[in-house]
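What follows is a short report on a single structure.
The values are calculated or read from the model by the stated rules, or taken from the named source; none is laboratory data. Owing to the predicted nature of the structure, the values given are computational and were not obtained by experimental measurement. Reconstructed Cβ throughout: ideal geometry from the backbone, glycine too, with neighbour counts over all protein chains shown. Side chains included, ligands, DNA and RNA excluded: accessible areas come from the protein's heavy atoms. Shrake-Rupley method; radii C 1.70, N 1.55, O 1.52, S 1.80 Å.
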Amino acid sequence: NAGVMQNPRHLVRRRGQEARLRCSPMKGHSHVYWYRQLPEEGLKFMVYLQKENIIDESGMPKERFSAEFPKEGPSILRIQQVVRGDSAAYFCASSHAGGLTTGANVLTFGAGSRLTVL
Amino acid sequence: AQSVTQLGSHVSVSEGALVLLRCNYSSSVPPYLFWYVQYPNQGLQLLLKYTTGATLVKGINGFEAEFKKSETSFHLTKPSAHMSDAAEYFCAVRLKTSYDKVIFGPGTSLSVIP
């Protein structure tokens, strides 16, 4: 029973290129979250998605960043025209159904994708 | 808006000593509370969680945490530190609202001295 799968684990891009990070949630999970972890900082919430819907993108930068979670396939975090400040570890997490169910929504994290922008 | 603070970005303890990592939250209503651990170059793993009921919760690896509503705290403790406990620890909260936005604290790096 595979957990949350993220790829690539490491990605190197030059300034101005595009970065695409993929996340396959845990089997049975329909909610996906993306977090960014900068060096010496905690995790910052970026976006929360359900299948084909963005529920909360309040943590996403207004430009260059987008996320999707299509009906079929993994969730994608896309960063266009990367800059050095985008270098970070990007973590995907998934959870069971949302709402007010007690005990639900424990996040299961992937191992992260580490983006380095040269 | 809810927020999480963790007092002490770095904590060092001797092997065998008590571990105490502090977490305070601000929220208009008691939230769900979590502690996660992150080992180097890995994702986060859930240590323990508080949802409802007993305010003292036990987690994996001998850790426990107590929810104190009056102090808006959820401090993490372990009676005796082990070398393998060296890691980054994150406190997190989630409001009991209609969707699941989890907010993390800045983290505390725990070092264990032999």
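Quick notes on this structure:
- Across segment A:24-37, computed HN-Hα scalar couplings (Karplus, 6.51 cos²θ - 1.76 cosθ + 1.60, θ = phi - 60°) run 9, x, 4, 4, x, 8, 10, 10, 10, 10, 10, 10, 10, 10 Hz from first to last residue, x flagging Gly and Pro.
- Computed from backbone phi, the HN-Hα couplings of segment B:12-19 come to 10, 9, 7, 4, x, 7, 5, 9 Hz, rounded to whole numbers (Karplus: 6.51 cos²θ - 1.76 cosθ + 1.60, θ = phi - 60°; Gly and Pro given as x).
- Rounded percent of accessible protein surface that carbon and sulfur make up, the protein assembly as shown, 1.4 Å probe: 51
- Relative contact order for segment B:1-107, counting Cα pairs under 8 Å that sit 6 or more residues apart, in percent: 35
- Based on Cα contacts under 8 Å between residues 6+ apart, segment B:24-66 shows a relative contact order of 28 percent.
- Look at the alpha carbon pairs under 8 Å that are at least 6 residues apart: their mean separation over the length of segment A:1-114 gives a relative contact order of 35 percent.
- Counting only lysines at least 8 places from B:K68 when in the same chain, those with an alpha carbon closer than 18 Å to its own are B:K49, B:K58, B:K78, B:K96.
- Here's how it looks for B:H82: its modeled amide H is under 5 Å from those of B:G16, which are all 5 or more places away or on a different chain.
- Net length gained if the chain between B:S28 and B:I60 were fully extended (0.36 nm per residue, minus Cα distance): 8.6 nm
- Surrounding net charge for A:G59, when Lys and Arg each add one and Asp and Glu each subtract one, Cβ distance under 12 Å: +2
- Solvent-accessible area per residue, Å², over chain A with all protein chains present [probe radius 1.4 Å]: 50
- Taking the Cα centre of segment A:1-101 as origin and assigning +1 to Lys and Arg Cβ atoms and -1 to Asp and Glu Cβ atoms, the resulting dipole is close to 380 debye.
- Student exercise, chain B dipole from Lys, Arg, Asp, Glu Cβ charges, in Debye to nearest 20: 360
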